[in-house]
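Written out below as structure tokens is the structure these notes cover.
The values are calculated or read from the model by the stated rules, or taken from the named source; none is laboratory data. If you're wondering where the values come from, they're calculated on a predicted model, not measured in any experiment. As a convention, Cβ positions derive from the backbone with ideal geometry for all residues, glycine included, and neighbour counts pool all protein chains shown. What goes into the accessible areas is simple: the full protein's heavy atoms, side chains included, and nothing from ligands, DNA or RNA. Shrake-Rupley method; radii C 1.70, N 1.55, O 1.52, S 1.80 Å.
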Amino acid sequence: MKHPLPANFLLRIAIALLACSCGGQHAQRDTVRIRWARDPETLDPLFAPNLAAFDANNLLHVSLLQGDIATQQLAPALAEQLPTVQLVGDSLTRLQYRIRPAATWDNGRAVLASDVDFTLKLMLCPGLPNEAARNQYSFIRAVLPHPQDPRRFTLLCRGQSLEFAQASGDFFILPEHSLDPRGLLRRWSLADLQRQPLPLPADSGARAVAQQYLAAVASRSSNRLSGCGPYELLKWEKDRFLSFRRKPRWWGSRLQPAPLVLQARPQQLEYVIIPDVATAALALQRGDVDVFPQMPAREFARLRAAPAARSALRFYTSPSYDVATAGFNTRHPALADALTRRALSRCFDAAGLLRATQLGEGQRTVGIISPADRANYNDSLAPVPFAPDSAVALLRRAGWQRRSAPHEGWFRSTGRGADQQLRLLVRYRAEEVLFGTVALQFQAAAASIGVPVTLRPTEPGTFATAMRSGDFDVYLRVLRGNPFMFNFTQLLHSASANNVTKFGTPASDRLIAAIARADNPARRTALLRQFQALLQAEAPIVPLFYLPNRVAANRALTGLHVGSLRPGFAAATIERVAQPAP
């Protein structure tokens with residue numbers, strides 16, 4: 001069993017690290033240091049396993065469109081403007097894009113339509129961790145280059161969904177010339193690669209490209225996996241820090257005026273990994289860390305009430321699209337029926353947990369659509385109540401009987417020998433204090449009605465493995481929402497390997513597909529409201545509440561643009577003023 005290190009020991013490591021990586025007053029002035037709770041694990045732009053990986057990739061790479069945290073809208077990034085939409089008949093959509101003339105790779109080569117085509121093919125390449133991308137962008141059937149302009153292209157899309165214009169530009173563009181210098185993927189069309197299973201010989205060009213890509217990711221080198229973003233990776237010491245340096249000749253610097261999504265003001269960004277909250281807060285107060293994002297409520301309130309901290313720091317809050325959830329492993333026989341899941345859902349005291357963990361900030365929810373989305377949020381539903389007594393009645397309706405001897409607990413006859421027993425293993429990431437509290441509350445409520453619950457706080461890497469393998473009965477985690485798109489295929493479709501609950505019915509699958517294909521706002525709204533009602537009735541997941549976004553930062557910093565889009569602030573637009581504001 002691992003024992004936690006003392007907070008002051010962790011702080012000494014963090015401070016020593018910062019001193020080594022930022023020697024000199026000039027470096028300190030030009031460097032912004034941000035606390036991360038965990039290591040990103042990988043900088044694979046096709047697969048971001050956590051928020052740290054997402055943040056890092058946003059520094060290294062650029063998409064056609066990117067979220068503008070100031071306007072809460074998608075904005076052109078690599079693309080000159082939002083795509084032009086043309087409907088073809090009643091089953092196809094053409095999206096016309098042009099890449100900015102200034103956009104280049106680090107070696108001066110232009111970013112071209114062929115790079116977009118290559119990236120989409122890479123998302124379909126066998127042997128890569130690209131299932132999420134494969135499902136999300138399967139509506140794109142072909143990239144049609146312009147005959148005279150290599151920066152201009154048309155995406156031919158199957159269907160006529162509202163989301164195509166936004167989803168079609170929301171992926172990082174990767175360089176064909178460095179990852180596939182022989183153009184091996186050009187022999188395949190997108191339609192070819194979308195056919196599964198894809199028969200590939202051992203010497204297939206697709207396999208060679210996949211191997212080269214995996215080697216580039218494993219190398220952790222900006223030279224091997226270069227992006228067209230404003231920063232390059234300077235140094236990465238796993239579980240300690242990552243340092244990024246602004247490129248001296250980045251193409252975005254030539255844009256006047258530069259849009260917010262293409263600004264890069266700090267010369268250097270350093271992400272210091274300090275899992276312990278108290279240690280991170282102390283580093284922030286000492287000036288060894290400049291920004292503490294996603295700060296827990298109690299630490300945020302404590303610092304904001306302390307005169308010394310108020311004079312040195314600024315405190316920001318905003319709503320977020322991050323929802324705290326519990327999820328059931330529906331492949332386990334005891335949790336395969338909706339009545340049992342609905343009964344156990346009533347053992348979560350969401351209102352009490354919101355008060356205890358968020359000090360009343362945040363918002364209860366009936367589903368995984370934010371209450372801030374007034375058009376699509378199903379306000380005709382009531383949040384799941386905290387009602388252990390009524391949970392007992394639901395368990396009995398589900399066929400469970402409570403026994404006292406020879407073994408105490410809830411049992412259900414299967415008609416095939418040994419009876420099922422209702423006992424639960426709850427997993428959550430060990431460093432997440434929020435879910436430690438949620439787990440204890442659920443355990444106590446379940447115990448009050450005779451359901452034994454074992455808590456298993458788990459290290460991040462092991463947690464991800466357990467989710468994939470189904471080694472849990474209940475999970476606790478944050479789902480990070482996207483206000484621009486409503487494609488739930490990855491999360492809850494029965495065919496998705498990333499659907500860790502393994503829930504899925506023909507009706508729910510049809511509804512998910514219909515939402516993704518909806519071609520007008522009224523139709524999509526009706527489907528989303530229906531989907532929220534279905535999820536509440538089937539209860540594969542229990543949405544508890546939407547979390548507020550809290551950021552504390554050194555008072556000498558400006559330009560954080562704190563807002564609802566992840567990660568809750570804009571690191572690349574931060575500037576350090578000459579003198580701290582009074």
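Taking region 490-520 as the range and being more than 16 Å from Glu538 (Cβ to Cβ), open to solvent by 30 Å² or more (accessible area, probe 1.4 Å) and touching a helix residue (DSSP H, G or I) at 6+ places or on another chain (Cβ under 6 Å) as the test, the residues that pass are Gln490, Ala497, Asn498. Could you look through region 350-376, keep only residues that are open to solvent by 20 Å² or more (accessible area, probe 1.4 Å) and either free of Cβ contacts under 8 Å to residues at least 24 places away in the same chain or small (Gly, Ala, Ser) (or both), and pick out the one that is nearest to Gly327 (Cα to Cα)? Of everything passing the filter in region 350-376, Ala351 is nearest to Gly327 (Cα to Cα). Per the conditions (1) open to solvent by 30 Å² or more (accessible area, probe 1.4 Å); (2) more than 25 Å from Phe486 (Cβ to Cβ); (3) assigned to a loop (DSSP other than H, G, I, E, B), the sole criterion not satisfied by Cys125 is (1). Taking residues in region 240-267 that are open to solvent by 10 Å² or more (accessible area, probe 1.4 Å), and partners anywhere that are among the acidic types (Asp, Glu) and assigned to a helix (DSSP H, G or I), the pairs with Cβ atoms closer than 7 Å and at least 6 places apart or on different chains are Gln267/Asp30. If you go through region 551-580 and keep only what is β-branched (Val, Ile, Thr), over 28 Å from Val323 (Cβ atoms) and part of a strand (DSSP E or B), you end up with just Thr558. For region 146-164, filtering for residues that are open to solvent by 30 Å² or more (accessible area, probe 1.4 Å) and under 20 Å from Ala103 (Cβ atoms) leaves 5. For region 46-53, the count of residues that are in a helix (DSSP H, G or I) and at pLDDT below 50 is zero. The residues on offer are Leu144, Leu124, Leu162, Leu120, and the sole one that is over 28 Å from Pro49 (Cα atoms) and among the hydrophobic types (A, V, I, L, M, F, W, C) is Leu144. Remark: Leu200 falls outside the filter, which requires a residue to be modelled with pLDDT of 95 or more and either farther than 19 Å from Ala216 by Cβ or surrounded by fewer than 21 Cβ atoms within 10 Å (Cβ to Cβ) (or both).
Beta carbons closer than 6 Å, at least 6 apart along the sequence or on distinct chains, pair a first residue in region 38-63 that is within 11 Å of Gly227 (Cα to Cα) with a second that is open to solvent by 40 Å² or more (accessible area, probe 1.4 Å) and of a type in the set (Asp, Glu) for Ser63/Asp170. Residue pairs whose Cβ atoms lie under 8 Å apart, sitting 6 or more positions apart in sequence or on different chains, and linking a residue in region 127-141 that is basic (Lys, Arg) and at pLDDT below 90 to a partner that is open to solvent by 40 Å² or more (accessible area, probe 1.4 Å) and assigned to a loop (DSSP other than H, G, I, E, B), do not occur here.
Here Pro406 fulfils each of the conditions (1) in a loop (DSSP other than H, G, I, E, B); (2) touching a strand residue (DSSP E or B) at 6+ places or on another chain (Cβ under 9 Å); (3) not polar (S, T, N, Q) apart from (2).
If you go through region 468-478 and keep only what is exposed (fewer than 15 other Cβ atoms within 10 Å of the Cβ) and within 17 Å of Ala48 (Cβ to Cβ), you end up with just Arg468.
The conditions of being of a type in the set (Val, Ile, Thr), touching a residue at least 40 places away in the same chain (Cβ under 8 Å) and in a loop (DSSP other than H, G, I, E, B) are not met by Val272.
What are the residues in region 401-422 that are over 18 Å from Ala539 (Cα atoms), surrounded by 14 or more Cβ atoms within 10 Å (Cβ to Cβ) and touching a residue at least 24 places away in the same chain (Cβ under 8 Å), if any? Answer for region 401-422, where residues must be over 18 Å from Ala539 (Cα atoms), surrounded by 14 or more Cβ atoms within 10 Å (Cβ to Cβ) and touching a residue at least 24 places away in the same chain (Cβ under 8 Å): Arg402, Gly409, Trp410, Arg412, Gln420, Gln421.
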